[in-house]
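First comes the structure, then the notes that go with it.
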Amino acid sequence: MDVKIEQSWKNALAGEFEKDYFVSLVRFLHSEKAAGKTIYPPGRLIFRAFELTPVEKVKVVILGQDPYHGVGQAMGLSFSVPDGIKAPPSLVNIFKEIESDLGIRMSGSPNLEPWARQGVLLLNAMLTVEAGRAGSHSRIGWQQFTDAVIRYLSDNCEGIVFLLWGNYAREKKALIDTGKHFVLEAAHPSPLAGGRFFGCRHFSRTNRILSDEGKAPINWQL
């Protein structure tokens, strides 16, 4: 796998690419593709979150678990799917909360690239998945890599807002220096969480924090 990643991240994570776990991870992905298995997202999009949001632009991190495993869904950004693909239930609930929280109307576009370009790192803990098999790459080394991403941001940046939704994401709080950064926690937006995500108001709260930090707020409207 040719690691196509924006230069600031390449510099920040150079040590990770040399480690045994990452070499094994790349070898595994090559072998799976050679065996005829379909891996999502396409190789050119695996590091899309890093391409769109360089280190120095990160203001917010939204942590997902693993990529969508349906045809055409995964695009390298947590919770996002390309235009023309039906918004998954979790994303529908995110949009409902934004509309309620901010009193705005969303267009229905499920593509979150505009958020990423404003400094929202849409990071999945696992960056690949086998088609039709949710969580299938949860033990190949991606979590070690993305944990290193979170630690790097925690250690080398200031005033990032981390949005941790659901128990899996909330466990990552241990990697974050809460003396330097802001952590907002809520239930997962999935319908399986029984609607407990609604009312978290994370979008208005994030923008208040960013404004207080002297940073431009995020335009959440799509």
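The values are calculated or read from the model by the stated rules, or taken from the named source; none is laboratory data. All of these numbers come straight from a predicted model, not from anything done at the bench. All Cβ positions, even for glycine, are placed from backbone atoms using ideal geometry, and neighbour counts span all protein chains on display. Keep in mind that these areas ignore ligands, DNA and RNA; they rest on the heavy atoms of the full protein, side chains included. Shrake-Rupley method; radii C 1.70, N 1.55, O 1.52, S 1.80 Å.
Computed with every protein chain present, the accessible area of E56 is close to 130 Å² [probe 1.4 Å].
Using Cα springs under 10 Å in a Gaussian network model of the chain, which residue among R170, R196, R48 shows the largest mean-square fluctuation? So, out of R170, R196, R48, the one fluctuating most is R196. For the chain, the solvent-accessible area with a 1.4 angstrom probe is 45 square angstrom per residue.
Please find the FRET efficiency linking T38 to E18, where r is the Cβ-Cβ separation and R0 is fixed at 25 Å, and quote it to the nearest 0.05. It would help to have the intermediate numbers written out before the result.
On the way: r = 29 Å, r/R0 = 1.14.
With R0 = 25 Å, the Cβ-Cβ based efficiency is 0.30.
What base-10 log of the normalised intensity I(q)/I(0) is obtained for the range 1-108 from the Debye formula, alpha carbons as equal point scatterers, at q = 0.17, 0.21 Å⁻¹? At q = 0.17, 0.21 Å⁻¹ the computed log10 ratios are -0.98, -1.27. Shown for the range 10-146: the carbon plus sulfur share of the solvent-accessible area, taken with all protein chains present and a 1.4 angstrom probe, equals 49%. Each part reduced to its alpha carbon centroid, the range 99-123 and the range 1-58 end up 25 Å apart.
Electrostatic bookkeeping for T53 treats Lys and Arg as +1 and Asp and Glu as -1; over the other residues with beta carbon under 15 Å from its beta carbon, the sum is +3. To test your reading of the geometry: what angle, between 0 and 90 degrees and rounded to tens, separates the Cα axis of helix 20-34 from the longest principal axis of the chain? With both axes taken from Cα atoms, the answer is about 70 degrees. When restricted to Cα atoms, the chain yields an Rg and a Dmax of 16.8, 52 Å, respectively. Largest first, the residues K96, K180, K10 sort by 1.4 Å accessible area into K96, K10, K180. Of E113, E97, E171, the residue with the greatest mean-square motion in the GNM of the chain, using alpha carbon springs below 10 Å, is E171. Where only DSSP H runs of four or more residues are counted, the chain gives -10500 deg cm²/dmol as its mean residue ellipticity at 222 nm, each run worth -39500 (n - 2.57). With respect to the chain, whose longest principal axis is taken over its alpha-carbon atoms, helix 202-212 is tilted by about 80°. For the chain, with a Gaussian network of springs between Cα atoms less than 10 Å apart, report the residue from I46, I160, I140 with the top mean-square fluctuation. Of I46, I160, I140, the most mobile in the Gaussian network model is I140. Only Cα pairs under 8 Å and 6+ residues apart enter the sum, and on that basis the relative contact order of the chain stands at 23 percent. Helix 89-102 and the longest principal axis of the C-alpha atoms of the chain enclose an angle of approximately 30°. Based on Cα atoms of the range 121-222, Rg over Rh with Rh as the Kirkwood radius reads 0.99.
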